[in-house]
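Structure record follows, encoded as structure tokens.
The values are calculated or read from the model by the stated rules, or taken from the named source; none is laboratory data. If you're wondering where the values come from, they're calculated on a predicted model, not measured in any experiment. Quick reminder, even Gly has a Cβ in these numbers, built from the backbone with ideal geometry, and neighbours come from all protein chains shown.
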Ligand SMILES: Nc1ncnc2c1ncn2[C@@H]1O[C@H](COP(=O)(O)OP(=O)(O)OP(=O)(O)O)[C@@H](O)[C@H]1O
């Protein structure tokens, strides 16, 4: 065995020094709830982007968040993931993690993964390499330099490749994938880190009908073991995946329920018809 290989063996932390492997955070979901958002407020120059917002998400749920442009969906995701600080309120991950006193990296480390609308895969790398790069690893210089994938990590990547339907494309450059496949790869890049909660922003924008259908299957399959929150404007897609839909309006929850309940809700109809009328007047 070469010196480099022996040094690599030494740095295979999960086998040699298990205590150095990043600990999986305990999330207390004793009462079935994984995310609590209470009385959340955030103003930008006096404009209330979040206005006494309350949201409760059950562990393993697939929740869809809808709302017109400017309703506060992205701002809410930004606060949950530590990208933006709120003015007041409470955000807890399980009963034991106060997210408001954590930064973005700490929140990600707790097991909250976020996917933005635009795919940001490494186009010059293969599908497999993209997943490898996203594995939860020690970022210190020496372990990174000498680390090599362990059999467990390779199995994990293989499992994710199957889940996202890209097993046959593992050696393909990510840049050569279709738009939909890139979106799935990026979801896979979150999955290798084994998140408890996934926040996914407009996953089907720009997808073909077939890709949209496949994405619906993928997201549905991810829920249960994990919790998934999807922000989406495509109502047909929302109907195809959602059990519970939350409608945001002017920084607050306007309505919550099944898609049928939402579509027959008077307040929702008023807001959406109002938007349509305003758009019609502008046209
Ligand atoms: N950094 C900021 N500075 C000033 N205003 C902001 C900032 N971020 C968001 N806003 C405002 O807060 C409101 C909520 O925006 P947000 O992006 O959360 O809405 P959204 O529901 O995600 O809309 P969309 O569906 O268009 O993405 C909007 O009126 C937006 O202009």
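Determine if segment 98-110 includes at least one residue that is in contact with a helix residue (DSSP H, G or I) (Cβ under 7 Å, 6 or more places away or on another chain) and outside any helix (DSSP H, G or I).
no
Just the residues that are modelled with pLDDT under 95, closer than 20 Å to residue 94 by Cα and surrounded by fewer than 17 Cβ atoms within 10 Å (Cβ to Cβ), please, taken from segment 30-55.
Matches in segment 30-55: 30, 31, 32.
Could you check segment 56-77 and list, in sequence order, the residues that are touching a helix residue (DSSP H, G or I) at 6+ places or on another chain (Cβ under 9 Å) and surrounded by fewer than 21 Cβ atoms within 10 Å (Cβ to Cβ)?
Within segment 56-77, 68, 69 qualify.
Any idea which residue in segment 78-95 is surrounded by the fewest Cβ atoms within 10 Å (Cβ to Cβ), counting only those that are at pLDDT 95 or above and closer than 15 Å to residue 34 by Cα?
Among those that are at pLDDT 95 or above and closer than 15 Å to residue 34 by Cα, it is 90.
Residue by residue through segment 154-175, note down the ones that are under 21 Å from the mean Cα position of the chain (by Cα) and either free of Cβ contacts under 8 Å to residues at least 12 places away in the same chain or outside any loop (DSSP other than H, G, I, E, B) (or both).
Once the filter is applied, which keeps residues that are under 21 Å from the mean Cα position of the chain (by Cα) and either free of Cβ contacts under 8 Å to residues at least 12 places away in the same chain or outside any loop (DSSP other than H, G, I, E, B) (or both), segment 154-175 yields 156, 157, 158, 159, 160, 161, 162, 163, 174.
Can you tell me how many residues within segment 232-265 are within 9 Å of residue 64 (Cβ to Cβ) and out of contact with any helix residue (DSSP H, G or I) (no Cβ under 8 Å at 6 or more places or on another chain)?
The total comes to 3.
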